[in-house]
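Asker: One structure, pasted below without further comment.
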Amino acid sequence: MDDHLKTHTYYEYVDIALKEMPVGIALYDAQTLCLLMANPLFHTFLDPAWQGGRAVGHPLTTWLPHAEEAGVANLFRTVATTGVPYKDDEYAYAGFERGMTYWNWTLDPVRDSDGRIVQIVETVTEITSQVHARQKVEEDKVLLEQEKRDLETEQKRLKVIENIEVVARSVRDSLDIQSISKALIQAIITNFDPLVVYIHRADAAQQALHLLQIHPQPLQEDALRLLQYVPYGTSSYLASVHKQRDPIILEDLQIEVVQEWFAGEGRLPQSYVHGYICVPLWFGDHFEGALTAVLKERISVNDPLVQALTRSSVYIAAALTQARLHTVVKAEQERLRAVLDQLPEGILIVEATNDTITYANAAAEQILGLPIHSLLDSPITSYWGIEIVSKTDIRLPWNFVITEALGGSTVRSQEAILTRTDGSKVIVLGSAAPLRSTDGAITGMLLVFQDITAQKSVEQHKKAFLSIASHELRTPIAAIQGFAEILQVQASKEQKLSPQGLRAITFINEQSQSLTRLIEEMLDITRIEIAQLQLDIATHDLASTIAHVIETQATTAPEHHLQFVLDGLPSPAKLMGKFDENRIVQVLNNLISNAVKYSSVGSNIEVGLRRCSGNADNALIWVKDSGIGISAHELPHIFKRFHRANNIDPSISGLGIGLYLVQELVTCHGGRVWAESTEKSGSTFYVQLPLHMEHPAPQLN
Ligand code: ADP
């Protein structure tokens with residue numbers, strides 16, 4: 001035994017043990033329940049007023065509040081009378097000032113040597129914080145379970161909404177609107193249990209809704225009839241849904257005011273009918289229809305059905321839009337097809353990917369001499385026998401046009417000789433253009449052609465006639481003119497002729513000159529048509545060319561006042577350019593002589609020259625008269641061959657080929673010609689001429 005232990009008595013050990021014990025220990029008198037002694041820990045359990053040993057010597061009922069009502073005192077008495085120890089692991093006690101406390105405690109009887117119960121020993125441990133901790137865990141567990149349940153419900157709910165959304169989304173590109181609405185209604189009825197669901201489609205023209213699909217079919221005929229066609233003006237929720245973006249959600253149709261409105265949608269709701277939702281189907285700014293469901297239960301905004309229908313609405317609306325546009329496009333296509341079928345021009349549409357003909361009209365059948373059914377789906381390459389005839393008579397196979405068009409270029413007015421399967425030949429005039437999809441990709445080609453065999457043969461005859469006639473006429477006229485000139489010279493020298501004779505010779509001379517001009521012009525036309533017109537391009541001063549023409553014209557038309565206006569050119573005026581001088585003289589002569597012909601004697605004719613504003617490399621020449629003018633409806637035609645306006649005096653000679661030639665000659669120079677005119681006030685003809693033309697412009701036609 002060590003020193004420390006040696007210095008303490010037995011009771012002192014007990015005291016130390018009791019003091020240090022982590023359990024409250026108390027000793028009571030079994031009769032009076034008076035606290036005889038307790039260790040320090042025990043005292044700390046008590047209300048503050050009784051702590052620090054103040055309870056010792058007092059009965060339990062005095063210092064333990066509510067000891068009697070809570071039954072604690074009785075537990076002590078039972079132990080004292082029966083001798084049966086008492087034990088409670090978790091005793092809840094609400095008597096202390098600090099509120100609810102929990103205790104683990106025991107009561108044991110203490111007997112004297114005779115076996116009588118004289119005292120009671122209590123051991124007690126406060127377990128309030130442990131119990132609280134446990135309770136917290138339990139509460140958390142309950143909460144967690146609740147949350148889990150909520151989550152599951154939410155997941156289920158989302159799944160249902162998703163189901164319907166998936167159906168709606170999958171149908172949005174479909175064009176068959178009946179199966180779209182059927183699939184959607186099916187999805188709704190499998191996920192929910194509505195009394196009835198229906199989809200309406202908007203008819204903007206009639207300002208009404210048409211029933212597309214309903215499930216189940218209403219038993220009452222009149223109910224179905226009322227739903228089948230719902231004009232916007234009717235007093236029902238459905239009829240008014242086009243006015244809003246949000247769904248109409250009615251919690252309970254049994255409410256009186258609702259009944260009144262619902263009547264327009266069928267009949268008054270039975271007592272088991274409650275919830276109602278009507279979702280407007282909007283796609284962008286277009287109202288496409290409505291989706292409605294009627295339910296047995298009351299309904300609220302957060303119901304999965306409401307959410308599912310609201311979220312699906314845009315897809316259904318998209319599907320309805322798609323279907324509507326498809327119908328419009330189809331109708332347009334059919335109308336277009338009907339127009340194409342009627343056209344006198346042959347039309348072929350060729351697919352870019354495999355060169356097959358996807359469309360041929362009746363005229364194509366006739367011109368190509370092949371039935372439409374054999375043309376369709378056959379490759380255009382099977383018709384390579386067709387040749388393109390160029391102006392210079394070079395023959396190209398037809399695929400040139402096709403390749404060009406499929407390559408993105410438009411080919412205009414190409415002549416082609418077509419040998420049909422029966423060996424007969426047709427001359428066609430064809431154009432081809434690429435067909436593009438909305439993103440610009442070339443998807444095919446359109447070929448338009450007409451049979452010009454008849455025109456061609458007339459034209460060929462005309463050409464032959466013109467060239468023979470011009471040649472046959474030129475020779476005798478040249479002879480007449482030559483002899484008339486000889487006579488004129490002789491007569492003026494020898495003065496042997498009477499004044500009438502001299503006038504006659506002068507007349508013969510003038511007339512044969514104008515006949516020669518006419519023949520030259522006819523020959524020029526022929527040359528242009530058979531691409532034999534050659535330009536003799538050289539550098540000249542345009543200002544002096546014009547001045548010279550004016551000078552000559554002034555002598556032949558002395559009664560008119562010819563004026564040369566130079567606008568913005570340095571003095572002395574000079575405007576160098578490359579052109580065929582003879583041809584430009586011919587152009588100016590034509591324009592000035594027309595101005596003389598179609599304006600009154602004594603009037604002014606202005607011939608002007610300046611550089612083109614905005615394009616200084618071009619000269620602008622104008623010939624302005626104040627004559628009879630040209631009416632607006634004649635103006636587009638005056639440059640056509642043989643065209644003469646109807647306001648001219650028939651005694652004024654002319655064939656209507658002068659302006660045609662002017663246009664051809666100016667075009668060959670790369671320039672352009674046009675006229676501005678007001679009837680009865682005069683005309684101005686403009687020629688825009690490039691000054692630095694290196695090569696003659698290619699001749700078309
Ligand atoms: P034409 O031999 O008839 O003069 P053109 O080809 O030179 O043939 O002209 C065609 C038609 O244009 C004329 O017949 C006339 O009706 C109209 N025209 C041409 N120039 C003028 C003008 N300066 N004033 C009014 N009409 C004109």
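Asker: Go through (1) in contact with a strand residue (DSSP E or B) (Cβ under 6 Å, 6 or more places away or on another chain); (2) within 20 Å of Arg672 (Cβ to Cβ); (3) within 16 Å of the ligand (Cβ to nearest atom) and name the single condition Asn594 misses.
Answerer: Every listed condition holds for Asn594 apart from (1).
Asker: Determine the pairs where a residue that is more than 15 Å from Asp203 (Cα to Cα), located within region 223-237, has a partner that is part of a loop (DSSP other than H, G, I, E, B) and polar (S, T, N, Q) with Cβ atoms under 8 Å apart, the partner being 6 or more residues away or on another chain.
Answerer: Short answer, once both residue conditions are applied: Leu224/Gln217.
Asker: Further question on the same structure: Quick one: how many residues across region 359-383 are polar (S, T, N, Q) and in a helix (DSSP H, G or I)? Reasoning before the result, please.
Answerer: Taking region 359-383 as the starting set, the residues that turn out to be polar (S, T, N, Q) are 361, 366, 374, 378, 381-382.
Imposing the further condition that a residue be in a helix (DSSP H, G or I) reduces the set to 366, 374, 381-382.
Qualifying residue count, region 359-383: 4.
Asker: Being surrounded by fewer than 12 Cβ atoms within 10 Å (Cβ to Cβ) and among the polar types (S, T, N, Q) is the filter here, so list the residues in region 62-92 that pass it.
Answerer: Asn74, Thr81, Thr82
Asker: Run Ile189 past the list (1) under 19 Å from Val306 (Cα atoms); (2) touching a helix residue (DSSP H, G or I) at 6+ places or on another chain (Cβ under 8 Å); (3) at pLDDT below 90 and report the number of the one that doesn't hold.
Answerer: Ile189 satisfies every listed condition except (2).
Asker: Further, regarding this structure: Can you tell me how many residues within region 30-50 are over 20 Å from Val110 (Cα atoms) and open to solvent by less than 60 Å² (accessible area, probe 1.4 Å)? Before the answer, list the steps.
Answerer: Start the filter on region 30-50 by keeping residues that are over 20 Å from Val110 (Cα atoms), which leaves 40-41, 43-50.
Filter again for open to solvent by less than 60 Å² (accessible area, probe 1.4 Å), leaving 41, 43, 45-47.
Result for region 30-50: 5.
Asker: I need the full set of residues from region 277-311 which are acidic (Asp, Glu) and buried (at least 22 other Cβ atoms within 10 Å of the Cβ), in order please. Can you show your working first?
Answerer: Within region 277-311, the first condition is being acidic (Asp, Glu), and the residues that meet it are 285, 288, 297, 303.
Correct list: Glu288 only.
Asker: Another one. Pick from region 479-497 the residues that are of a type in the set (A, V, I, L, M, F, W, C) and out of contact with any helix residue (DSSP H, G or I) (no Cβ under 7 Å at 6 or more places or on another chain): which of them is modelled with the lowest pLDDT?
Answerer: Within region 479-497, the subset of a type in the set (A, V, I, L, M, F, W, C) is 479-480, 483-484, 486-487, 489, 491, 497.
Now narrow it down to the ones that are out of contact with any helix residue (DSSP H, G or I) (no Cβ under 7 Å at 6 or more places or on another chain): 479, 483, 486, 489.
Numbers: Ala479: 86, Phe483: 86, Ile486: 84, Val489: 81.
For region 479-497, the residue satisfying everything is Val489.
Asker: All but one of (1) of a type in the set (A, V, I, L, M, F, W, C); (2) out of contact with any helix residue (DSSP H, G or I) (no Cβ under 6 Å at 6 or more places or on another chain); (3) open to solvent by less than 70 Å² (accessible area, probe 1.4 Å) hold for Ile16, so report the exception by its number.
Answerer: Result: Ile16 passes all but (3).
Asker: Could you tell me how many of the residues in region 80-95 are over 18 Å from Thr125 (Cβ atoms) and either in contact with a strand residue (DSSP E or B) (Cβ under 7 Å, 6 or more places away or on another chain) or in a helix (DSSP H, G or I) (or both)?
Answerer: Of the residues in that region, 4 qualify.
Asker: Go over the candidates Ile120, Ile164 one by one and state the one that is in contact (Cβ under 8 Å) with a residue 60 or more places away in the chain and more than 18 Å from Phe42 (Cβ to Cβ).
Answerer: Numbers: Ile120 fails: more than 18 Å from Phe42 (Cβ to Cβ).
Exactly one of Ile120, Ile164 is in contact (Cβ under 8 Å) with a residue 60 or more places away in the chain and more than 18 Å from Phe42 (Cβ to Cβ), namely Ile164.
Asker: Turning to a different aspect of this structure: Looking at (1) away from the ligand (no atom under 16 Å from the Cβ); (2) under 19 Å from Gln663 (Cβ atoms); (3) open to solvent by less than 60 Å² (accessible area, probe 1.4 Å), which is the only condition Ala543 fails?
Answerer: If we test Ala543 against (1) away from the ligand (no atom under 16 Å from the Cβ); (2) under 19 Å from Gln663 (Cβ atoms); (3) open to solvent by less than 60 Å² (accessible area, probe 1.4 Å), just (2) comes out false.
Asker: Can you find a residue that is in contact with a Phe, Trp or Tyr (Cβ under 6 Å, 6 or more places away or on another chain), open to solvent by less than 50 Å² (accessible area, probe 1.4 Å), modelled with pLDDT of 85 or more and not aromatic (Phe, Trp, Tyr) anywhere in region 259-276?
Answerer: No; the residues of region 259-276 include none that is in contact with a Phe, Trp or Tyr (Cβ under 6 Å, 6 or more places away or on another chain), open to solvent by less than 50 Å² (accessible area, probe 1.4 Å), modelled with pLDDT of 85 or more and not aromatic (Phe, Trp, Tyr).
Asker: Shifting gears a bit: Out of the residues in region 326-358 that are more than 25 Å from Ser413 (Cβ to Cβ), among the polar types (S, T, N, Q) and assigned to a helix (DSSP H, G or I), which is farthest from the chain's Cα centre (by Cα)?
Answerer: The residue in question is Gln333.
Asker: Right, here's the next one. Mind checking which residues of region 584-615 are within 21 Å of Leu518 (Cα to Cα) and open to solvent by less than 10 Å² (accessible area, probe 1.4 Å)?
Answerer: Of everything in region 584-615, those that are within 21 Å of Leu518 (Cα to Cα) and open to solvent by less than 10 Å² (accessible area, probe 1.4 Å) turn out to be Ile584, Val587, Leu588, Leu591, Ile592, Ala595.
Asker: Kindly list, by first and then second residue, each pair from a residue in region 437-449 that is part of a strand (DSSP E or B) to a residue that is surrounded by 10 or more Cβ atoms within 10 Å (Cβ to Cβ) and among the aromatic types (Phe, Trp, Tyr), limited to pairs with Cβ atoms under 6 Å and residues at least 6 apart or on different chains.
Answerer: As it stands, the answer is none, since no pair meets every condition given.
Asker: Looking only at region 497-511, decide whether some residue is over 60 Å from the mean Cα position of the chain (by Cα) and assigned to a loop (DSSP other than H, G, I, E, B).
Answerer: Scanning region 497-511 turns up at least one residue that is over 60 Å from the mean Cα position of the chain (by Cα) and assigned to a loop (DSSP other than H, G, I, E, B).
Asker: Could I ask something else about it? Does region 566-578 contain any residue that is open to solvent by 40 Å² or more (accessible area, probe 1.4 Å) and within 16 Å of the ligand (Cβ to nearest atom)?
Answerer: Step one: list which residues in region 566-578 are open to solvent by 40 Å² or more (accessible area, probe 1.4 Å), which gives 566-568, 570-572, 574, 576, 578.
This time we only want the ones that are within 16 Å of the ligand (Cβ to nearest atom), so: none.
No, region 566-578 contains no residue that is open to solvent by 40 Å² or more (accessible area, probe 1.4 Å) and within 16 Å of the ligand (Cβ to nearest atom).
Asker: If you don't mind, another one. Name the residue that is farthest from Pro40 (Cα to Cα), counting only residues in region 93-117 that are among the aliphatic types (A, V, I, L, M) and open to solvent by less than 50 Å² (accessible area, probe 1.4 Å).
Answerer: Taking region 93-117 as the starting set, the residues that turn out to be among the aliphatic types (A, V, I, L, M) are 94, 100, 107, 110, 117.
Now drop any that are not open to solvent by less than 50 Å² (accessible area, probe 1.4 Å), which leaves 107, 110, 117.
Values: Leu107: 18, Val110: 21, Ile117: 25 Å.
Once the filter is applied, the top-ranked residue is Ile117.
Asker: Do you know which residues across region 616-670 are touching a Gly at 6+ places or on another chain (Cβ under 8 Å), on the phi > 0 side of the Ramachandran plot and either among the acidic types (Asp, Glu) or open to solvent by less than 40 Å² (accessible area, probe 1.4 Å) (or both)?
Answerer: Gly629
Asker: Go through (1) under 57 Å from the mean Cα position of the chain (by Cα); (2) modelled with pLDDT of 85 or more; (3) loosely packed, with under 12 Cβ neighbours inside 10 Å; (4) not small (Gly, Ala, Ser) one by one and return the number of the condition Thr443 breaks.
Answerer: (3) is the only condition that Thr443 fails.
Asker: I would also like to ask the following. Just checking, how many residues over region 58-79 are modelled with pLDDT of 95 or more and in a loop (DSSP other than H, G, I, E, B)?
Answerer: 1
The values are calculated or read from the model by the stated rules, or taken from the named source; none is laboratory data. The model shown is predicted, which means the values in this text are computed figures rather than measured ones. Reconstructed Cβ throughout: ideal geometry from the backbone, glycine too, with neighbour counts over all protein chains shown. With ligands, DNA and RNA removed, areas are computed over all heavy atoms of the protein, side chains included. Shrake-Rupley method; radii C 1.70, N 1.55, O 1.52, S 1.80 Å.
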